[in-house]
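S.K.: This is the structure I want to talk about, given as structure tokens.
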Amino acid sequence: MNKIIYKQQLSSDVYKMRIEAPLIAKERRAGQFIIVQIDSHFGERIPLTIADADPVEGSITIIFQAVGRTTHLLAIKAVGDTVQHVVGPLGQPTHIEKFGRVICVGGGIGVAPMHPIAQAMKAAGNEVIIIMGARNRDLLILEEEMRAIADELIICTDDGSCGRKALVTAPLKELCEMEPKPALAVAIGPPIMMKFCAETTRPYGVHTMVSLNTIMVDGTGMCGGCRVTVGGETKFVCVDGPEFDGHKVDFDNMMTRLKAYKSREDQDHHRCHLDEAIEEKK
Amino acid sequence: MTHTTSEQLTLAATQGLKTLEKPLKAKQRMAIPAQEMPAQDPAVRRHNMNEVALGYSEPQARLEAERCLQCPTKPCVAGCPVSINIPAFIQKIADGDFAAAIGVIRESSLLPAVCGRVCPQESQCQAPCTVGKALKSTDKAVAIGRLERFVADWERENGLLKTPAVKTPTGKKVGIIGSGPASVTVAADVRREGHEVTVFEAFHRPGGVLLYGIPEFRLPKAIVDREIDELRAMGVEIKTDFVIGRTRRLNDLLEKDGYDALFVGTGAGLPKFMNIQGENLVGVFSANEYLTRANLMKGYDDRAATPIFPSKKVAVLGGGNVAMDAARCAIRLGAQEVHLVYRRTEAEMPARIEEIAHAKEEGIIFHLLQNPTRILADERGWVCGMELLSYELGEPDASGRRRPVEIKGSEFEMDVDTVIVAIGNESNPLIRQTTPGLATSKWGTLVVDENGKTSLDRVFAGGDIVLGAATVILAMGEGRRAAAAINRLLAQS
């Protein structure tokens, strides 16, 4: 049982929460994630990335988009409510060292897991350039937090309502062509964005890490539901990842696997909106 | 196929008991028909998750117990990994003293209701049984497992389970990692001596493989929960959602959290795949994933949020209990056809004979001496079939089983939309990756001495994390041994 101590709605369906989890707050490192389950009897287990942690308060911050059954249920919880199950920190932490110039590309909700990584990269003495992308201004999250870390912050929106009207791959390409050449790119966001970031950096030989968010059950290596093909080998995102060399990940296979339960999820999605409507009527 | 009901079997046994003229001679005992296990009608049970084997009635148990010759050599005891005094408990059943019977079992075993259901008796206690040998069939051996289950259920159903006494507190703390059969055994045995015990479980519910792996229809979860409640009643603390190696490291428990000894019973939790083309297509699952979705996450229930892949034609690869469990789950979850593909023959299958028989009764289609070479995809990247090769048996291999040899040019295709890989597990890497100095074998299992102690001081291990994928009873046996060593260590220090 983990108490919610802070909640903020960041955009129409994106929420930020601080949850009591003292042990996870102390242990977690950039790049790691948790598994959350709302109902002990019938709930599903879903991975969520850790956006921040406060070991003194004993809390972790999660930022999530209400897209599925569990995230919808989480979104309607209030400060003081509890999340039944929070497990972690899971996965391998990001490898942090002084690389030189590091480009952090965060798309949509992917800016949340990018936050601790950018923070750690900066603390290790890297020059950190952050590219943030969203469909429009309203969907941009953590702008101030990222600005505080970045040596340079580039914002891209699809409609040009904030920053450049461009995809994140446009400034990424420019940076790859500029001197000093980036030592590392880290891309986190929708699979299609990560795929194209990897394709953008590939011709320049810029090492590109991506953080994958696949379907999981246990999150500890037991089920293998999260597996992806990396460099022709099968890897488990939960124990081998979540970060992999973006130039080796088979994104097409991963995107197909993410759709395995699409019909069921759509059904749940509609049901959840119905629940919310009923909740509002009350 | 006609189905014999529990009532019919009980009636026959009642009449059988009446005709017995005591004292019985060996020849008369051998003439008593082996008592069949009452089971749910296959046509019915294909559509429900309830337990398949219903358990002996009292007359059946008493009549079966009369089949035991009480032979002086007791080969059955030597066949039992925890050396239960089998003839003694069977005699008590024949006498009608069920309380004394379960008392005998409890001297050696902690989980009789579980072991009576899931032990591979035909390759352990029942294999060398004198009655079976005399009647030239292991199937005709005294049904020791069924009798064990009978008295264990009798004890529980009559509210006679007693929480074991706990000695005065010693002030010593023992941490147990995992909550499967090995861990549950250690927890009970160590707690009895008065030590403080904490069990750390990664999942949201304790029970390990007994919960996530073995399906409800073979081992009702209420029985597992009852064993866990028993531990809690003894004062064992159970911390769920706690991943050792992640939430806290093994060394933290010893150095910072004040634990005097640890037991690692994390099981064989890393599924093996075949490493063939197409294994990451949508519709391919490890048996672990499929079973966890179905069992622990309650995929069989409409209220469960965890989805089950909608399958029409399923292929399960493997011939062990896990393969049978996965195949039988798939049938119950609505698959129209379930095919079990195994590269050897039925004689080499590691599954319990009863599970093989139950699977066949439920309509699972067996394909022996076949093995897939690749999994085929439709245009969306979803499974649409497999390419297989036929095999024949060659010379025995290292395991003593005849090695399957592929028949060149025998490729053929099978249409399926789901493939479940049930070819075994490797050990989970979390603890070994995060614990410096912990010695492991080349298979990743933990190396222990004759007391179950690892290469680290005060750290013990047992069950599948040491044995590789094995059985509940072997895990329990290992647990007992490690618990005894932990108790000795803590008594000295």
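The values are calculated or read from the model by the stated rules, or taken from the named source; none is laboratory data. Only a predicted model underlies this, so the values are computations on that prediction, with no experimental measurement involved. In this analysis, Cβ positions are derived from the backbone assuming ideal geometry, glycine residues included, and neighbour counts consider all displayed protein chains. Each accessible area value is taken on the protein alone, full model and side chains, heavy atoms only, with ligands, DNA and RNA left out. Shrake-Rupley method; radii C 1.70, N 1.55, O 1.52, S 1.80 Å.
S.K.: Quick one: in the stretch A:192-237, which of the residues that are away from chain B (no Cβ under 14 Å) and part of a strand (DSSP E or B) is farthest from the chain's Cα centre (by Cα)?
M.R.: Among those residues, the one meeting the criterion is A:208.
S.K.: With the requirement that a residue be free of Cβ contacts under 8 Å to residues at least 60 places away in the same chain and under 30 Å from residue B:299 (Cβ atoms), what does the stretch B:48-79 give you?
M.R.: Listed by number, the list holds a single entry, B:54.
S.K.: Might you check whether a residue that is in a loop (DSSP other than H, G, I, E, B) and at pLDDT below 95 occurs anywhere in the stretch A:116-138?
M.R.: Within the stretch A:116-138, one or more residues are in a loop (DSSP other than H, G, I, E, B) and at pLDDT below 95.
S.K.: Does the stretch B:224-237 hold any residues that are crowded, with 19+ Cβ neighbours inside 10 Å and not acidic (Asp, Glu), and which are they?
M.R.: B:224, B:228, B:231, B:236
S.K.: For a quick check of your reading of the model, give me the residue pairs whose first member lies in the stretch B:80-105 and is on the phi > 0 side of the Ramachandran plot, whose second is open to solvent by 10 Å² or more (accessible area, probe 1.4 Å) and among the aliphatic types (A, V, I, L, M), with beta-carbon atoms closer than 8 Å and at least 6 apart or on different chains.
M.R.: Matching pairs, first to second residue: B:83/B:77.
S.K.: Restricting to the stretch B:400-414, what's the tally of residues that are in contact (Cβ under 8 Å) with a residue 40 or more places away in the chain and either open to solvent by less than 50 Å² (accessible area, probe 1.4 Å) or closer than 17 Å to residue B:316 by Cβ (or both)?
M.R.: 2
S.K.: Which of the residues spanning the stretch A:25-40 are open to solvent by less than 10 Å² (accessible area, probe 1.4 Å), more than 16 Å from the chain's Cα centre (by Cα) and either facing chain B (nearest Cβ under 9 Å) or under 16 Å from residue A:70 (Cα atoms) (or both)?
M.R.: Correct list: A:37 only.
S.K.: Could you tell me whether the stretch A:77-94 includes any residue that is within 13 Å of chain B (Cβ to nearest Cβ), open to solvent by 30 Å² or more (accessible area, probe 1.4 Å) and farther than 21 Å from residue A:187 by Cα?
M.R.: Yes, there is a match, as at least one residue in the stretch A:77-94 is within 13 Å of chain B (Cβ to nearest Cβ), open to solvent by 30 Å² or more (accessible area, probe 1.4 Å) and farther than 21 Å from residue A:187 by Cα.
S.K.: Next up: Could you say which residue among B:163, B:168 is part of a loop (DSSP other than H, G, I, E, B), within 30 Å of residue B:194 (Cβ to Cβ) and out of contact with any helix residue (DSSP H, G or I) (no Cβ under 7 Å at 6 or more places or on another chain)?
M.R.: From the options B:163, B:168, the qualifying one is B:168.
S.K.: Can I ask one more? Output the residue which, of all residues in the stretch A:238-261 that are facing chain B (nearest Cβ under 7 Å) and of a type in the set (A, V, I, L, M), is farthest from residue B:279 (Cα to Cα).
M.R.: Once the filter is applied, the top-ranked residue is A:239.
S.K.: Can you find a residue in the stretch A:214-231 that is assigned by TED's automatic domain parsing to the domain that holds residue A:138, without any contact (Cβ under 8 Å) to a residue 60 or more places away in the chain, among the charged types (D, E, K, R) and over 27 Å from residue A:71 (Cβ atoms)?
M.R.: So far as the stretch A:214-231 goes, no, none of its residues is assigned by TED's automatic domain parsing to the domain that holds residue A:138, without any contact (Cβ under 8 Å) to a residue 60 or more places away in the chain, among the charged types (D, E, K, R) and over 27 Å from residue A:71 (Cβ atoms).
S.K.: Might you let me know whether the stretch B:408-423 holds any residue that is over 16 Å from residue B:278 (Cβ atoms) and under 30 Å from the mean Cα position of the chain (by Cα)?
M.R.: Yes: one or more hits.
S.K.: Restricting the first residue to the stretch B:27-38 and requiring it to be open to solvent by 70 Å² or more (accessible area, probe 1.4 Å), which pairs with a second residue that is part of a loop (DSSP other than H, G, I, E, B) meet a Cβ separation below 7 Å and a spacing of at least six or different chains?
M.R.: B:36/B:4
S.K.: Sticking with this one: Give A:141, A:109 a once-over and let me know the one that is in a loop (DSSP other than H, G, I, E, B), at pLDDT below 95 and within 25 Å of residue A:17 (Cα to Cα).
M.R.: Answer to the check: A:141.
S.K.: Now, a different point. Being open to solvent by 10 Å² or more (accessible area, probe 1.4 Å) and closer than 30 Å to residue B:313 by Cβ narrows it down to one of B:397, B:417, B:457, B:464, so name that one.
M.R.: Every option except B:417 fails the conditions.
S.K.: Just to be sure I understand the filter: pairs with C-beta atoms under 8 Å, separated by 6 or more residues or on different chains, first member in the stretch B:267-285 and under 30 Å from residue B:476 (Cβ atoms) and of a type in the set (Lys, Arg), second member at pLDDT below 95 and assigned to a strand (DSSP E or B). Which pairs pass?
M.R.: Once the first residue is under 30 Å from residue B:476 (Cβ atoms) and of a type in the set (Lys, Arg) and sits in the stretch B:267-285, its partners that are at pLDDT below 95 and assigned to a strand (DSSP E or B) give B:272/B:425; B:272/B:426.
S.K.: Checking residue A:99 against (1) under 25 Å from residue B:244 (Cα atoms); (2) more than 17 Å from the chain's Cα centre (by Cα); (3) buried (at least 16 other Cβ atoms within 10 Å of the Cβ), which single condition isn't satisfied?
M.R.: Evaluating residue A:99 over (1) under 25 Å from residue B:244 (Cα atoms); (2) more than 17 Å from the chain's Cα centre (by Cα); (3) buried (at least 16 other Cβ atoms within 10 Å of the Cβ) leaves (1) as the failure.
S.K.: Within the stretch B:14-26, can you find the residues that are of a type in the set (S, T, N, Q) and exposed (fewer than 13 other Cβ atoms within 10 Å of the Cβ)?
M.R.: The answer is B:15, B:19.
S.K.: When you scan the stretch B:313-322, do you find a residue that is open to solvent by 10 Å² or more (accessible area, probe 1.4 Å), more than 26 Å from the chain's Cα centre (by Cα) and more than 26 Å from residue A:38 (Cβ to Cβ), even just one?
M.R.: Within the stretch B:313-322, one or more residues are open to solvent by 10 Å² or more (accessible area, probe 1.4 Å), more than 26 Å from the chain's Cα centre (by Cα) and more than 26 Å from residue A:38 (Cβ to Cβ).
S.K.: Restricting attention to the stretch A:181-192, does a residue exist that is open to solvent by 20 Å² or more (accessible area, probe 1.4 Å), more than 30 Å from residue A:265 (Cα to Cα), outside the structural domain of residue A:48 (by TED's automatic domain parsing) and out of contact with any Leu (no Cβ under 7 Å at 6 or more places or on another chain)?
M.R.: There is at least one residue in the stretch A:181-192 that is open to solvent by 20 Å² or more (accessible area, probe 1.4 Å), more than 30 Å from residue A:265 (Cα to Cα), outside the structural domain of residue A:48 (by TED's automatic domain parsing) and out of contact with any Leu (no Cβ under 7 Å at 6 or more places or on another chain).
S.K.: On to the next question. Across the stretch A:41-60, what is the number of residues that are open to solvent by 40 Å² or more (accessible area, probe 1.4 Å) and either touching a strand residue (DSSP E or B) at 6+ places or on another chain (Cβ under 7 Å) or among the β-branched types (Val, Ile, Thr) (or both)?
M.R.: So the count comes out to 2.
S.K.: Next question, about the same structure. Would you confirm whether any residue within the stretch B:47-55 is assigned to a helix (DSSP H, G or I) and at pLDDT 95 or above?
M.R.: no
S.K.: Right, here's the next one. What single numbered condition from (1) modelled with pLDDT of 95 or more; (2) open to solvent by 40 Å² or more (accessible area, probe 1.4 Å); (3) in a loop (DSSP other than H, G, I, E, B) fails to hold for residue A:159?
M.R.: Condition (1) is where residue A:159 drops out.
S.K.: Continuing with this model, one more query. Any idea which residue in the stretch A:144-156 is surrounded by the most Cβ atoms within 10 Å (Cβ to Cβ), counting only those that are over 15 Å from residue A:16 (Cβ atoms) and among the hydrophobic types (A, V, I, L, M, F, W, C)?
M.R.: A:156
S.K.: Taking into account only those residues within the stretch B:282-294 that are more than 8 Å from chain A (Cβ to nearest Cβ) and not aromatic (Phe, Trp, Tyr), which is surrounded by the most Cβ atoms within 10 Å (Cβ to Cβ)?
M.R.: That would be B:287.
S.K.: Taking into account only those residues within the stretch B:189-220 that are within 14 Å of another protein chain (Cβ to nearest Cβ) and free of Cβ contacts under 8 Å to residues at least 40 places away in the same chain, which is surrounded by the fewest Cβ atoms within 10 Å (Cβ to Cβ)?
M.R.: The extreme case among them is B:204.
S.K.: Quick check on my filter: what residues within the stretch B:1-13 are open to solvent by 50 Å² or more (accessible area, probe 1.4 Å) and under 12 Å from residue B:63 (Cα atoms)?
M.R.: Matches in the stretch B:1-13: B:11, B:12.
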